[in-house]
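The values are calculated or read from the model by the stated rules, or taken from the named source; none is laboratory data. This structure is a prediction, so every number in the text was calculated from the model and none was measured. With ideal geometry, Cβ positions are generated from the backbone for all residues, glycine too; neighbour counts draw on all protein chains shown.
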Amino acid sequence: MPIISRNDPVLYNFQNFKEEFLRIFDRRTAAQATNNELLEIRQGNKDLVAYLAHFNKLIVETAWPESKRAAIFYRGLRDELKDALAQVPNRPTEISELIDLVLQIDHRLTERRAEKRREYRPFPLRIDRVRNDHTRAGEGITIEEPMQIGSIRGPLSKKEKEKRRVNQLCLYCGASGHFVKNCPKKPKALQSGNGQLHQ
């Protein structure tokens with residue numbers, strides 16, 4: 001029976017009226033706000049532990065059954081976790097079991113991301129090392145050997161280069177009496193003056 005029709009004494013004291021009003025209406029409003037927030041809660045970019053803490057803070061204020069709690073928890077998860085749960089044949093319907101499973105999956109996904117970061121480390125190209133192989137000992141002259149189309153020999157070995165340097169032989173053809181800059185066997189397009197060689 002409503003307070004007014006009962007002629008309740010609460011009606012004659014503002015403080016008592018306010019307390020009674022809040023006792024009846026405020027709890028329902030707070031419960032409804034909690035229910036609404038639970039229906040809208042999403043993990044988003046938060047880590048799982050932060051999402052779980054927020055979820056638990058709200059869920060204790062409800063009297064929802066386990067299956068509904070589990071469904072709401074699942075609904076708010078990040079897609080990556082939902083995709084992993086899709087691989088589980090019998091997804092738990094009890095909230096505590098579902099939370100345990102999701103925590104395990106999240107931990108494994110975090111480990112896997114760390115593994116991928118460690119595995120992908122591109123090695124920088126060491127141009128300095130390549131150029132040092134073509135530097136004459138003691139002279140500081142860098143010679144870039146041109147690519148020889150149709151040539152059957154590959155790059156000179158370090159041993160062969162050193163032998164040619166010691167014996168003052170051409171690094172291009174191996175003959176004596178000239179150096180690679182003026183080698184008669186080298187195509188004219190690769191002779192000095194075209195920027196291909198550095199001295």
Given (1) of a type outside the set (Phe, Trp, Tyr); (2) closer than 30 Å to Asp79 by Cβ; (3) surrounded by 11 or more Cβ atoms within 10 Å (Cβ to Cβ); (4) modelled with pLDDT under 85, number of the condition Ser192 does not satisfy: (2)
Helices (runs of 4 or more DSSP H) (entirely within segment 38-143) containing at least 1 residues that are outside the structural domain of Asn182 (by TED's automatic domain parsing), modelled with pLDDT of 90 or more and touching a helix residue (DSSP H, G or I) at 6+ places or on another chain (Cβ under 9 Å): 48-59, 66-75, 79-86, 95-119
